[in-house]
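Peer 1: Input: one structure, supplied below.
The values are calculated or read from the model by the stated rules, or taken from the named source; none is laboratory data. Treat the numbers as computed from the prediction; the structure is a model and nothing was measured. Every residue, glycine among them, receives a Cβ derived from its backbone with ideal geometry; neighbour counts consider all protein chains shown.
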Amino acid sequence: MKKSYLTLVVHILVKEEFREEIKAELLKLISPTRGEEGCIAYDLHQDNDNPNLFLFHEKWVNQDYLNKHSQSDHIAAYRLSSKDKLENVSAYKMTELTN
């Protein structure tokens, strides 16, 4: 039986006037997060039609590792830097069916 990992898809809609600032902040998360124990994948995308929309596609060994990530210093710093600069954030926890 193949291992089933936790997938997280996060949509981040940024206020237009903060797009470049938030994009830079999101990019800062990549290296430290990819270095975290339990992180299998952590990829950032920007929508081709709406440049204010970003998407993280994350894959974690399990919920415990995702919880540790959520409490990390770099995520706390991002939350402070993005306060009042986002229109909406939606997160979806999923299980991959085709692994």
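Peer 1: I'd like to check which strands (runs of 3 or more DSSP E) are fully inside the chain and have at least 1 residues that are surrounded by fewer than 17 Cβ atoms within 10 Å (Cβ to Cβ), at pLDDT below 95 and of a type outside the set (D, E, K, R).
Peer 2: The qualifying strands (runs of 3 or more DSSP E) are 86-95.
Peer 1: List the number of the failed condition for D84; all other conditions in (1) in contact (Cβ under 8 Å) with a residue 12 or more places away in the chain; (2) on the phi > 0 side of the Ramachandran plot hold.
Peer 2: It is condition (1) that D84 fails.
Peer 1: In this structure, is Q46 closer than 30 Å to K3 by Cα, under 14 Å from the mean Cα position of the chain (by Cα) and among the polar types (S, T, N, Q)?
Peer 2: When the stated conditions are applied, Q46 passes them.
Peer 1: Out of E36, E25, E20, which single residue is more than 16 Å from the chain's Cα centre (by Cα) and within 19 Å of H74 (Cα to Cα)?
Peer 2: Unique residue meeting the criteria: E20.
Peer 1: Here's another thing I want to ask about it. Taking the conditions exactly as written (touching a strand residue (DSSP E or B) at 6+ places or on another chain (Cβ under 9 Å) and closer than 24 Å to K3 by Cα), does L66 satisfy them or not?
Peer 2: Considered against the rule, which asks whether it is touching a strand residue (DSSP E or B) at 6+ places or on another chain (Cβ under 9 Å) and closer than 24 Å to K3 by Cα, L66 comes out as yes.
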